[in-house]
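Colleague: Okay, here's the structure, questions in a sec.
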Amino acid sequence: MAFETDAIIIGAGAVGLATGRAFALRGHETLVLEAQGAIGQGISSRNSEVIHAGLYYPTGSLKARLCVLGRQLLYAYLDKYHIAHERCGKLIVATQPHEAARLEAIFRQAQDNGVEGLQRMTGAQAQAMEPELSAVAAIFSPDSGVMDAHGYMANMAGEISSLGGAVVVNTPFAGAPPLEGGGFVVRTGGEAATEVTTRYLVIAAGLGAQDAAALVDGFPAGTIPPLHYGKGVYFTCAGKAPFSRLVYPLPIPGALGTHYRRDLGGQARFGPDLDFVDAPDYTVDPARAGAFYDTIRRFWPGLKDDALVPDYAGIRPKLHGPGELQTDFRIDGADQHAIAGLIALFGIESPGLTSSLAIGEAVCQRLGLTGTS
């Protein structure tokens, strides 16, 4: 049958837009639907805007493979379109002698993942790079960086439009009955509720992915993973930024932990921590600063009292709960849910921004679409 469009992507964050771009560059007419009034209002606007190298993730996992490839694709993209970014590098630091073994394990893991240019450093060598730093040993990752996530997303939205597709905001997803013989009728809500037929459907809805999957008729409930809200808050620091490079202590259970970055405007920011909550809540409790001071002073003893100011919060769509092992990305196709032409993305948290272009490629490959963007 003739479809009204080739592909519909649910969600206009970084991953949804990168996926829509991948379809459009292969010549497929593509619609990206967004429930909010603008693109990138969810996870993509409430993260660290860090470009990750791919150090921490289990070798062979989607996170490891798509982060390394995604980072390479992302830098090329940012350079090509002159989108603001800085390849500032990252120091992963051990602040106590007993942490050295864990640091070495991260180094070996990163090498296994194919991360380029890593350097082991003594504490003195790290302090020569960043005099305010306190560390007994470090790893330097030269290809880590920071970026303008909104500029990146806006550019991809423009590309999709220029290729004959569209990004449509204020258009919540309301359901999708599969059609006999393949394809879907996608129903939207909002003021301009409508139905559109499409050959392919991709759920890239971030925190709403589980709810969106449940709206697809026939999607087996048992294959939809539980969603856990992993809240993280950020604090800014008054005065001159102490470091020019990213500084990360060793990871905490379930996340990379409270780290330092100097954003593109020169502002020093710290975060996120991790707190599992029952529902999205973007308030920042000033009382959480106490734990931030304790963590930060392990690698920056010069942090002054009362220097931290509450900034913003983000929610990560975690597939694991407190005390459980961190999970991989889920890119679920017909092998998982038995619905041809449908891809559902679950648990796309960090390093989702870095991996976004590679995720778009992986979605197209799962659907058997040839070519590359």
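The values are calculated or read from the model by the stated rules, or taken from the named source; none is laboratory data. These numbers were taken from a predicted model, which means no experiment stands behind them. Positions of Cβ are backbone-derived with ideal geometry, glycine not excepted, and every protein chain shown enters the neighbour counts. We work out accessible area using only protein heavy atoms, side chains counted, and drop any ligands, DNA or RNA first. Shrake-Rupley method; radii C 1.70, N 1.55, O 1.52, S 1.80 Å.
Colleague: Checking Arg316 against (1) over 20 Å from Tyr229 (Cα atoms); (2) modelled with pLDDT of 95 or more; (3) in contact with a strand residue (DSSP E or B) (Cβ under 8 Å, 6 or more places away or on another chain); (4) not acidic (Asp, Glu), which single condition isn't satisfied?
Modeller: Exception for Arg316: condition (1).
Colleague: So which residues in region 124-151 are farther than 19 Å from Arg262 by Cβ and open to solvent by 50 Å² or more (accessible area, probe 1.4 Å), if there are any at all?
Modeller: Correct list: Ala124, Gln125, Val136.
Colleague: Would you be able to say whether some residue in region 152-169 is in contact (Cβ under 8 Å) with a residue 24 or more places away in the chain, assigned to a loop (DSSP other than H, G, I, E, B) and open to solvent by less than 30 Å² (accessible area, probe 1.4 Å)?
Modeller: For region 152-169, residues in contact (Cβ under 8 Å) with a residue 24 or more places away in the chain, assigned to a loop (DSSP other than H, G, I, E, B) and open to solvent by less than 30 Å² (accessible area, probe 1.4 Å): present.
Colleague: Same structure, new question: Any idea how many residues of region 178-199 are in contact with a strand residue (DSSP E or B) (Cβ under 6 Å, 6 or more places away or on another chain) and open to solvent by 50 Å² or more (accessible area, probe 1.4 Å)?
Modeller: Of the residues in region 178-199, 5 are in contact with a strand residue (DSSP E or B) (Cβ under 6 Å, 6 or more places away or on another chain) and open to solvent by 50 Å² or more (accessible area, probe 1.4 Å).
Colleague: Hey, another quick one. Restricted to region 302-315, and to residues that are out of contact with any helix residue (DSSP H, G or I) (no Cβ under 7 Å at 6 or more places or on another chain) and closer than 22 Å to Leu353 by Cα, which residue is surrounded by the most Cβ atoms within 10 Å (Cβ to Cβ)?
Modeller: Among residues in region 302-315 that are out of contact with any helix residue (DSSP H, G or I) (no Cβ under 7 Å at 6 or more places or on another chain) and closer than 22 Å to Leu353 by Cα, the one surrounded by the most Cβ atoms within 10 Å (Cβ to Cβ) is Ala313.
Colleague: Can you tell me which residue within region 115-149, out of those that are under 29 Å from the mean Cα position of the chain (by Cα), among the polar types (S, T, N, Q) and assigned to a strand (DSSP E or B), is nearest to Ser45 (Cα to Cα)?
Modeller: Only one residue fits best here, namely Ser141.
Colleague: Could you please give the count of residues in region 100-116 that are touching a Ser or Thr at 6+ places or on another chain (Cβ under 6 Å) and open to solvent by 50 Å² or more (accessible area, probe 1.4 Å)?
Modeller: Qualifying residue count for the region: 1.
Colleague: Conditions first: (1) over 30 Å from Ile139 (Cα atoms); (2) of a type in the set (Phe, Trp, Tyr); (3) open to solvent by 10 Å² or more (accessible area, probe 1.4 Å). Phe23 passes all but one, so which condition is the exception?
Modeller: (3)
Colleague: Continuing with the same structure: Closer than 30 Å to Asn170 by Cβ, open to solvent by 10 Å² or more (accessible area, probe 1.4 Å), part of a loop (DSSP other than H, G, I, E, B) and β-branched (Val, Ile, Thr): is that true of Thr283 in this structure?
Modeller: yes
Colleague: Mind counting the residues in region 26-36 that are open to solvent by 20 Å² or more (accessible area, probe 1.4 Å), of a type in the set (S, T, N, Q) and assigned to a strand (DSSP E or B)?
Modeller: 0
Colleague: Which one of the conditions (1) at pLDDT below 95; (2) touching a Gly at 6+ places or on another chain (Cβ under 8 Å); (3) over 24 Å from Ala214 (Cα atoms) does Leu325 fail to meet, given that it meets all the rest?
Modeller: (2)
Here's the yes/no breakdown for (1) aromatic (Phe, Trp, Tyr); (2) open to solvent by 20 Å² or more (accessible area, probe 1.4 Å); (3) touching a Leu at 6+ places or on another chain (Cβ under 6 Å); (4) part of a loop (DSSP other than H, G, I, E, B):
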{"site": "Phe3", "(1), (2), (3), (4)": "yes, yes, no, yes"}
{"site": "Asp6", "(1), (2), (3), (4)": "no, yes, no, no"}
{"site": "Ala12", "(1), (2), (3), (4)": "no, no, no, yes"}
{"site": "Leu17", "(1), (2), (3), (4)": "no, no, no, no"}
{"site": "Ala38", "(1), (2), (3), (4)": "no, yes, no, yes"}
{"site": "Gln41", "(1), (2), (3), (4)": "no, yes, no, yes"}
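Colleague: Further question on the same structure: Can you tell me which of (1) of a type outside the set (Ser, Thr, Tyr); (2) surrounded by 15 or more Cβ atoms within 10 Å (Cβ to Cβ); (3) touching a residue at least 40 places away in the same chain (Cβ under 8 Å) is the one Met121 doesn't meet?
Modeller: (3)
Colleague: I want to confirm something. Restricting to region 219-247 and keeping residues that are touching a Gly at 6+ places or on another chain (Cβ under 7 Å) and open to solvent by 50 Å² or more (accessible area, probe 1.4 Å), which single residue is farthest from Leu207 (Cα to Cα)?
Modeller: Only one residue tops the list, namely Arg245.
Colleague: Among the residues of region 200-218, write down those that are surrounded by fewer than 21 Cβ atoms within 10 Å (Cβ to Cβ) and either in contact (Cβ under 8 Å) with a residue 12 or more places away in the chain or in contact with a Gly (Cβ under 7 Å, 6 or more places away or on another chain) (or both).
Modeller: The answer is Leu207, Gly208, Gln210, Leu215, Asp217, Gly218.
Colleague: Still on this structure, please answer the following. Among residues belonging to region 250-269 that are in a loop (DSSP other than H, G, I, E, B) and open to solvent by less than 20 Å² (accessible area, probe 1.4 Å), point out the one that is farthest from His85 (Cα to Cα).
Modeller: Gly254
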